[in-house]
1. Compute the angle between helix 34-44 and the longest alpha-carbon principal axis of the chain, please, reported from 0 to 90 degrees and rounded to the nearest 10.
2. So what is the calculated 222 nm ellipticity per residue for the chain, using -39500 (n - 2.57) for each DSSP H run with n of 4 or more, over all residues, to the nearest 500 deg cm²/dmol?
3. Full-extension gain between residue 58 and residue 111, please, as 0.36 nm times their residue separation minus the C-alpha to C-alpha distance.
4. Ranked from highest to lowest mean number of other Cβ atoms within 10 Å per residue, what is the order of the peptides 9-22, 46-59, 87-100?
5. What whole-number distance in Å separates the alpha-carbon centres of segment 58-90 and segment 10-45?
6. Considering the values (1) 1.26; (2) 1.13; (3) 1.04, which represents Cα Rg over 2.2 N^0.38 Å as calculated for the structure under consideration?
7. What spacing in nm lies between the two simple spin-label points modelled at residue 102 and residue 34, each 7 Å away from Cα in the Cβ direction?
8. Between residue 95 and residue 79, with labels modelled 7 Å along Cα→Cβ, what's the label distance in nm to one decimal, could you check?
């Protein structure tokens, strides 16, 4: 969340694998690859997002090469000169790339 709160698009996109898939919280489009993911975050950071994880379940698969995280988070977003909270749920599939974890797939949607 620290990287999201920085609103630095390049830093955010660097968390994703080059061929990653993103279903963004405020987007109806499936985004694949760094270019499309960057387009989403170019839009998203204009809302000055900052969030906190409210619940998480993590599982490790494939001898510490693949991990899945499911949970919920609250995003604070700029709106009409103020801030609103947008509760959402998420699933991340992460893959180890050398010594770092990279996001392979990310699904996020507003809570009903």
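FYI, it's all coordinate maths here, none of it is from the lab. Being a predicted model, the structure only gives us computed values, none of them experimental. FYI the Cβ positions are ideal-geometry reconstructions off the backbone, even for glycines, and counts take in every protein chain you see.
1. Compared with the principal axis, the helix lies near 30 degrees.
2. My calculation for the chain gives -4500 deg cm²/dmol from helical runs alone.
3. Here the answer is 17.1 nm.
4. 9-22, 87-100, 46-59
5. With segment 58-90 and segment 10-45 each reduced to a Cα centre, they are spaced 14 Å.
6. Step by step, Cα Rg over 2.2 N^0.38 Å for this structure corresponds to label (3).
7. With each label placed 7 Å out from Cα toward Cβ, I get 0.8 nm.
8. Inter-label distance under the simple model: 3.5 nm.
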